Amino acid sequence: TTEADIKQRKEVQNGTLLYVNQAAVTAALEGQLLVIDGLERAERNVLPVINNLLENREMHLDNGTMLIHPQRYDDLCKEHGTSDLTSLGLLRVSEHFRVIGLTVPTPRFAGNPLDPPL
């Protein structure tokens, strides 16, 4: 698992470079259940990204936008309005977003130990 598998991938469609949301971003925005299988095999730089999404409901995306916690988004929305937040690239994580992480114990099996908060 790489950061691009969690966040966004670059794709060329009709000669235009697009950033396409991957499963974690789509689940966070739409309030879906995200199942991450084989978490112990994730690259070391991916675990903090996953942890930040789980713990703080935040993630910086490659296209310059940012997922932010629903309460923080709502508070900012009261001050600045939805159109201002959209123009700044702030995206609201759904309060219904949930994650199930599947893993096997390490170090008995090949893999990386998980970050303590994860």
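Each residue in the range 62-93 was checked for being of a type outside the set (Asp, Glu), within 12 Å of the chain's Cα centre (by Cα), closer than 22 Å to Arg9 by Cβ and assigned to a loop (DSSP other than H, G, I, E, B), and 2 of them qualify.
Would you call Asp37 surrounded by fewer than 18 Cβ atoms within 10 Å (Cβ to Cβ) and either touching a residue at least 60 places away in the same chain (Cβ under 8 Å) or closer than 13 Å to Asn63 by Cβ (or both)? Yes: the conditions hold for Asp37.
Yes or no, residue by residue, for (1) touching a residue at least 60 places away in the same chain (Cβ under 8 Å); (2) buried (at least 17 other Cβ atoms within 10 Å of the Cβ):
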{"residue": "Asn21", "(1), (2)": "no, yes"}
{"residue": "Leu29", "(1), (2)": "yes, no"}
{"residue": "Gln32", "(1), (2)": "yes, no"}
{"residue": "Arg57", "(1), (2)": "no, yes"}
{"residue": "Met66", "(1), (2)": "no, no"}
{"residue": "Asp74", "(1), (2)": "no, no"}
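Filter the range 76-95 for residues that are open to solvent by less than 30 Å² (accessible area, probe 1.4 Å) and not β-branched (Val, Ile, Thr); which is farthest from Lys7 (Cα to Cα)? Top of the filtered list is Gly81.
Sub-9 Å Cβ pairs linking a first residue in the range 78-104 that is more than 19 Å from Ala23 (Cβ to Cβ) and free of Cβ contacts under 8 Å to residues at least 24 places away in the same chain to a second residue that is open to solvent by 80 Å² or more (accessible area, probe 1.4 Å) and of a type outside the set (A, V, I, L, M), at least 6 apart or interchain, are Leu88/His80, ordered by first then second residue.
The values are calculated or read from the model by the stated rules, or taken from the named source; none is laboratory data. What you see is a predicted model; the values in this text were computed from it and never measured. Here the Cβ is made from the backbone with ideal geometry for all residues, glycine too, and neighbour counts use every protein chain on show. Surface areas here come from the heavy atoms of the whole protein model, side chains and all, with no ligands, DNA or RNA. Shrake-Rupley method; radii C 1.70, N 1.55, O 1.52, S 1.80 Å.
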